[in-house]
Every structure is written in C-alpha cells, then in structure tokens.
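Peer 1: Sharing a structure, written as structure tokens. Questions coming.
The values are calculated or read from the model by the stated rules, or taken from the named source; none is laboratory data. Please read these numbers as outputs of a predicted model, since none were measured by experiment. Cβ placement follows ideal geometry from the backbone for every residue including glycine, while neighbour counts extend to all protein chains displayed.
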Amino acid sequence: MYSVELLKEFGFIERNNRLEYVIDPFMSNFRLTLFVKDDVLDDELIDLDTGDKFILHHLNTSHGAYIASIKEEIESLKKEIDAKCKKEEILNADAIDFLKEYCKNAYGEIFENPFSEKGFQVVRRSDNKKWYVLLCESLPKSKLGVETDVRCATINIMADKDEIDSIIDYNTYFPAYHMNKRSWITIPLDIEINKDELIQRINRSRELADKKKRK
C-alpha cells in the first residue's frame with residue numbers, strides 16, 4: 001500500500017484526482033508522468049515533439065534497443081518508488097473480519113461453529129471438509145506461555161513440518177495451542193500482522209489440508 005505522506009516526500013503532487021510525479025524532459029524527447037491512483041502506480045509518456053502519447057513501451061509486441069531502454073528506465077523508477085513509498089498493510093483489530101472475508105471471497109468457504117462451546121469457529125475446505133483455520137475468539141494469552149492476564153483472539157493454522165521450529169518466535173508465531181504442534185501453529189490476533197504474509201499462511205494451510213497436495 002502506498003503512503004500518501006511518503007509519496008509527497010518523494011516529490012508527488014496532487015493533480016487530476018491522483019498523485020503525480022513529473023519528469024520533463026525524460027530521456028530528452030519525452031515528458032514522463034508517474035501517477036498513483038487507487039493504490040496503483042502507472043505511467044504516461046508524452047512525445048515532446050508531437051504532443052502525442054507514446055505507448056510503444058507498454059506493448060509486448062514492441063521491440064528494439066531504444067524502446068527497451070525506455071522500459072528499463074521507467075521500471076527502475078517504479079522500483080525506487082515502491083521501495084521508498086510503500087508501507088506494509090498491517091492487520092490487528094480487523095483481522096477476524098479480514099480472515100472471514102478472505103476465505104469467503106477467495107474460496108467460497110465460510111467459518112462455522114461445529115462445537116457446542118461458543119467462541120470457536122473453523123473454516124473447512126469445501127471438497128474434503130478438512131479444517132485449515134481454527135479461530136478462538138478469546139483465549140488467555142497465558143495459554144501460549146506469555147506472562148499476562150490478557151485474553152485475545154487467536155487462529156490455529158497448518159504449517160510445513162520442517163518450517164515450524166524455525167518460525168516459532170513467541171511473538172507472532174507460537175506452538176499450536178491444544179492441537180498437534182508438529183503440524184499446526186498458533187497466531188494471536190492482538191499484534192500487528194502483515195496482511196500479505198497472513199494470506200500466504202492461510203493459503204498454505206489450506207493446501208496442507210489437502211493430503212493429495214502435501215509434499
């Protein structure tokens with residue numbers, strides 16, 4: 001996710017309902033406008049001699065050293081902007097809602113409570129009915145070995161057996177509570193969690209719930 005503050009520090013200005021960064025001239029013959037709209041970074045190239053838009057660098061069918069050099073320069077700038085102006089999207093209080101929406105939208109699978117006890121929910125693969133996320137809405141964090149009276153929401157997810165020991169850090173990842181610690185891990189949801197990383201973990205847990213795809 002792009003940070004408006006960091007984009008402005010880089011040199012972007014608000015114009016035309018978007019944030020723009022203009023280089024004029026660019027490679028002698030062009031005016032380059034890099035712009036961010038709806039969290040997407042794109043570019044617009046204007047030929048200074050004709051005033052027309054130059055689009056050959058966007059076409060996969062375009063070849064030649066000159067066009068390749070334009071592409072390379074623009075991509076280099078975009079990578080610099082990504083490195084300096086993006087902020088990791090963090091989840092905390094909204095993590096439960098995000099999890100439910102993600103599983104529903106990505107796989108058409110919804111959380112359910114198969115237990116008589118309230119406060120626990122699972123989401124299953126629709127094909128083999130195997131769980132890949134167990135949600136506990138309120139667990140004493142002391143159950144994870146943390147010296148505190150705080151309760152928090154947690155999820156148990158599957159992880160690769162040969163990876164579990166290396167990722168357990170007793171901050172973001174804990175040995176699985178009340179489940180097989182050789183196959184599952186616990187993540188408390190009261191801390192900041194990187195959105196993309198959590199998605200990758202959920203996807204992998206779902207894959208591992210399909211025995212045919214396990215390595």
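Peer 1: Can you list residue pairs whose Cβ atoms sit under 9 Å apart, with the first residue in region 182-200 being within 13 Å of M158 (Cα to Cα) and the second being surrounded by 16 or more Cβ atoms within 10 Å (Cβ to Cβ) and at pLDDT below 85? Count only pairs 6 or more apart in sequence or on different chains.
Peer 2: I187/I193; L198/L91
Peer 1: Counting only residues that are farther than 24 Å from C85 by Cα and either surrounded by 13 or more Cβ atoms within 10 Å (Cβ to Cβ) or touching a Cys at 6+ places or on another chain (Cβ under 8 Å) (or both), how many does region 1-56 have? Please lay out each step first, then the result.
Peer 2: Residues of region 1-56 farther than 24 Å from C85 by Cα: 28-30, 46-56.
Right, trim to either surrounded by 13 or more Cβ atoms within 10 Å (Cβ to Cβ) or touching a Cys at 6+ places or on another chain (Cβ under 8 Å) (or both) and you get 29-30, 46, 48, 54, 56.
So the count comes out to 6.
Peer 1: To continue, here is another question. Can you give me the number of residues within region 165-190 that are part of a loop (DSSP other than H, G, I, E, B), modelled with pLDDT of 90 or more and exposed (fewer than 12 other Cβ atoms within 10 Å of the Cβ)?
Peer 2: Result for region 165-190: 4.
Peer 1: Continuing with the same structure: Can you say whether E117 is modelled with pLDDT under 90, under 17 Å from T186 (Cα atoms) and part of a loop (DSSP other than H, G, I, E, B), as far as the supplied structure shows?
Peer 2: Details: modelled with pLDDT under 90: yes; under 17 Å from T186 (Cα atoms): no; part of a loop (DSSP other than H, G, I, E, B): yes.
Here the answer is no, as E117 does not meet what is asked.
Peer 1: Here are K100, K104, K78: which of them is exposed (fewer than 15 other Cβ atoms within 10 Å of the Cβ), basic (K, R) and more than 30 Å from L56 (Cβ to Cβ)? Before the answer, list the steps.
Peer 2: On the way: K100 fails: exposed (fewer than 15 other Cβ atoms within 10 Å of the Cβ); K78 fails: more than 30 Å from L56 (Cβ to Cβ).
The match here is K104.
Peer 1: Within region 127-164, how many residues turn out to be surrounded by 10 or more Cβ atoms within 10 Å (Cβ to Cβ), out of contact with any Gly (no Cβ under 7 Å at 6 or more places or on another chain), closer than 18 Å to R201 by Cβ and not aliphatic (A, V, I, L, M)?
Peer 2: Selection size over region 127-164: 9.
Peer 1: Further question on the same structure: Exactly one of these conditions fails for D49: (1) over 19 Å from K78 (Cα atoms); (2) in a helix (DSSP H, G or I); (3) not small (G, A, S). Give me its number.
Peer 2: Of everything listed in (1) over 19 Å from K78 (Cα atoms); (2) in a helix (DSSP H, G or I); (3) not small (G, A, S), D49 misses just condition (2).
Peer 1: Next question. From the list L189, L144, exactly one residue is assigned by TED's automatic domain parsing to the domain that holds K100 and touching a Phe, Trp or Tyr at 6+ places or on another chain (Cβ under 8 Å). Which is it? Quick ask: steps written out before the conclusion?
Peer 2: Numbers: L189 fails: touching a Phe, Trp or Tyr at 6+ places or on another chain (Cβ under 8 Å).
So the residue among L189, L144 that is assigned by TED's automatic domain parsing to the domain that holds K100 and touching a Phe, Trp or Tyr at 6+ places or on another chain (Cβ under 8 Å) is L144.
Peer 1: Of all the residues that make up region 57-71, how many are out of contact with any Phe, Trp or Tyr (no Cβ under 9 Å at 6 or more places or on another chain) and either aromatic (F, W, Y) or surrounded by 11 or more Cβ atoms within 10 Å (Cβ to Cβ) (or both)? Can you show your working first?
Peer 2: Restricting attention to region 57-71, the residues satisfying the condition of being out of contact with any Phe, Trp or Tyr (no Cβ under 9 Å at 6 or more places or on another chain) are 57-69, 71.
With the extra rule that they be either aromatic (F, W, Y) or surrounded by 11 or more Cβ atoms within 10 Å (Cβ to Cβ) (or both), the set shrinks to 57-58, 62, 66-69, 71.
Of the residues in that region, 8 qualify.
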